[in-house]
1. Report yes if residue 159 is free of Cβ contacts under 8 Å to residues at least 24 places away in the same chain, β-branched (Val, Ile, Thr) and over 30 Å from residue 240 (Cα atoms), otherwise no.
2. Do any helices (runs of 4 or more DSSP H) lying entirely in region 10-105 carry at least 2 residues that are touching a residue at least 60 places away in the same chain (Cβ under 8 Å), among the aliphatic types (A, V, I, L, M) and buried (at least 22 other Cβ atoms within 10 Å of the Cβ), and which ones are they?
3. Which one of these is without any contact (Cβ under 8 Å) to a residue 60 or more places away in the chain, closer than 21 Å to residue 266 by Cβ and not hydroxyl-bearing (Ser, Thr, Tyr): 189, 221?
4. Can you name the residue in region 256-276 that is acidic (Asp, Glu) and assigned to a helix (DSSP H, G or I) and is also farthest from residue 219 (Cα to Cα) among such residues?
5. Restricting attention to region 178-232, which residues are under 15 Å from residue 96 (Cα atoms) and either hydroxyl-bearing (Ser, Thr, Tyr) or in contact with a strand residue (DSSP E or B) (Cβ under 6 Å, 6 or more places away or on another chain) (or both)?
6. List every residue pair whose Cβ atoms sit under 9 Å apart, with the two residues 6 or more apart in sequence or on different chains, where the first one lies in region 134-147 and is under 20 Å from residue 161 (Cα atoms) and the second, anywhere, is of a type in the set (Gly, Ala, Ser) and part of a helix (DSSP H, G or I).
7. Please list, ordered by first then second residue, the pairs with beta carbon atoms under 7 Å, 6 or more apart or interchain, first in region 169-185 and under 18 Å from residue 48 (Cα atoms), second modelled with pLDDT of 95 or more and outside any helix (DSSP H, G or I).
Amino acid sequence: MAESTDTASSPSIDDGIGWLEDQTIAALKRLQSIKATDTAPVRGDDAFFHPIKRNFQQDVVQCLYSAIDSLRFLAWSMKTHDAPFPYAQASLIRTAINGGSTALWMVSGSTEERRARALEFKYNDLRSHRKWLNLLAAEPVNQARPSDEMAKVAGMQATFDQRIDWILQEATTLLAPPAPFSNKKYTEQLATESSIVQFAGSLVTGLDAGEGWNTGQLLLQTWQLLSGYSHARPWASAYGSKHVIVDDVPDSKTGTIQVTVEGNPDRLLDYAFRALRVVEAAIGGFEQVCNT
């Protein structure tokens with residue numbers, strides 16, 4: 001693979017990929033080694049969610065596994081291919097930033113803040129799962145299935161509704177809004193993905209932002225660019241990939257020139273290292289709430 005040309009002393013792309021691979025494996029081992037003590041704050045958080053058969057640790061770890069898995073696959077795909085892909089690998093980093101930021105957001109703050117944020121996470125998860133079940137139940141092929149099978153689906157839907165109602169009740173108690181939360185009112189005040197990413201970035205050191213940079217804004221900008229890749233927005237590759245001009249003569253009908261898009265390994269590694277720093281910070285926060 002080609003080496004970075006930023007400075008003469010810059011590490012090679014291969015070195016960067018190797019470092020990313022090593023650090024993601026280290027992060028995974030560190031996460032898997034965490035064992036909550038009997039008196040740890042997270043034990044109380046777990047017990048809080050017992051009525052809906054979920055726990056705090058489960059969801060934090062799920063977010064971190066998703067993030068680490070994405071970064072490990074990124075490192076593997078960059079290592080085993082001579083050149084990076086123009087689009088796909090950027091989406092892996094976006095997923096890693098999402099997972100790491102959400103985990104860091106949930107483990108940060110007071111007991112009340114942790115639980116309120118975890119309520120939001122579980123609410124979104126249950127609502128998403130419920131919508132998927134609704135689609136399955138509405139499928140004509142499934143509606144023709146035996147009544148006892150459809151009754152099980154209806155039972156699952158009812159259980160999800162009960163758990164969502166419990167979340168609304170607990171959120172009302174924790175946040176004390178002027179009136180009890182309805183689904184509509186609760187949804188209106190939920191943290192957005194972008195606000196969670198910006199919050200996480202503001203807590204993380206070592207994003208290589210440089211003097212004067214706002215780390216929250218830097219991570220948000222990175223995530224927004226990578227989101228452009230995930231949603232097939234043409235503008236994103238103009239900043240995150242390499243555009244090679246094939247024909248610089250504008251087309252007489254469209255006014256456009258011909259270009260091909262190539263992956264940019266330097267940019268991918270820069271973005272991946274930022275995601276990794278968020279993951280590491282989230283693991284550190286998780287370690288804290290798992291100890292007395």
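1. yes
2. By residue number, 13-32, 56-80.
3. Details: 189 fails: closer than 21 Å to residue 266 by Cβ.
After applying the criteria, what remains is 221.
4. This residue is 266.
5. 194, 222, 227, 229, 230
6. 137/154
7. 171/181; 172/180; 172/181
Yes or no, residue by residue, for (1) surrounded by 13 or more Cβ atoms within 10 Å (Cβ to Cβ); (2) at pLDDT 95 or above:
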| residue | (1), (2) |
| --- | --- |
| 163 | yes, yes |
| 170 | yes, yes |
| 181 | yes, yes |
| 189 | no, yes |
| 197 | yes, yes |
| 201 | yes, yes |
| 208 | no, no |
| 211 | no, no |
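The values are calculated or read from the model by the stated rules, or taken from the named source; none is laboratory data. In this text the structure is predicted, and so the values were computed from the model without any measurement. A quick note on method: Cβ atoms are made from the backbone with ideal geometry, for glycine too, and the neighbour counts reach across all protein chains shown.
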